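Okay, so here's the structure we're looking at.
Please treat every number below as a calculation from the coordinates, not as lab data. None of these values were measured; they are calculated from a predicted model. Neighbour counts run over all protein chains shown; Cβ positions are idealised from the backbone, glycine included.
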Amino acid sequence: MSREAEELNRRLLRARDAMDRDYAGPLDVRAVAAVAQGDYRWLTVRVPGGGATEISLEQPGPPLHDEETADRIRELITKGALGGGLVFITDNARAMYDTLRERGVTDFTQEPTEHFYGTDMGVRDPFGNAIRILQQGKV
């Protein structure tokens, strides 16, 4: 396994462990590495109480994409041009930000910011996907 692949595995496991610690009960979170054509990696998160709800984050590349397509997808993701993304809800966005920083997360795109709808922040997962973490305002 290459050094880059080992580092990616470590980042995925740290993300899984950070999410697992933030829930009162066990959270079925798996960081899975498989070999298909080259290194194919993904992170699957099963939402607690969500039944069949599952979030899958995948690294662009073989076997799903050829390298040229994968490079274009990564570029678009990094620019934020694909839109969408994940939004997680928290009771305290500033405390979550501090906790994530203490655990070594560095890929923040926005620190906690007050808006009319609440406080939110932005971060990227190890693959560059945009994630928003929102503390909803009082309705």
field: Rg ratio (alpha-carbon, reference 2.2 N^0.38 Å) - the stretch 85-139
entry: 1.06
- prompt: What FRET efficiency, computed as 1/(1 + (r/R0)^6) with R0 = 25 Å and r the Cβ-Cβ distance, is obtained for residue 2 and residue 132, rounded to the nearest 0.05?
  reply: 0.20
statement: Here D for the stretch 61-106, in µm²/s, from Stokes-Einstein with a Kirkwood Rh over Cα pairs at 20 °C and 1.002 mPa s, works out to 162 µm²/s
task: Extending each Cα 7 Å along its Cβ direction at residue 79 and residue 113, get the distance between those two points in nm, one decimal.
output: 2.0 nm
message: Please report the net charge: other residues with Cβ closer than 11 Å to the Cβ of residue 87, K and R +1, D and E -1.
response: 0
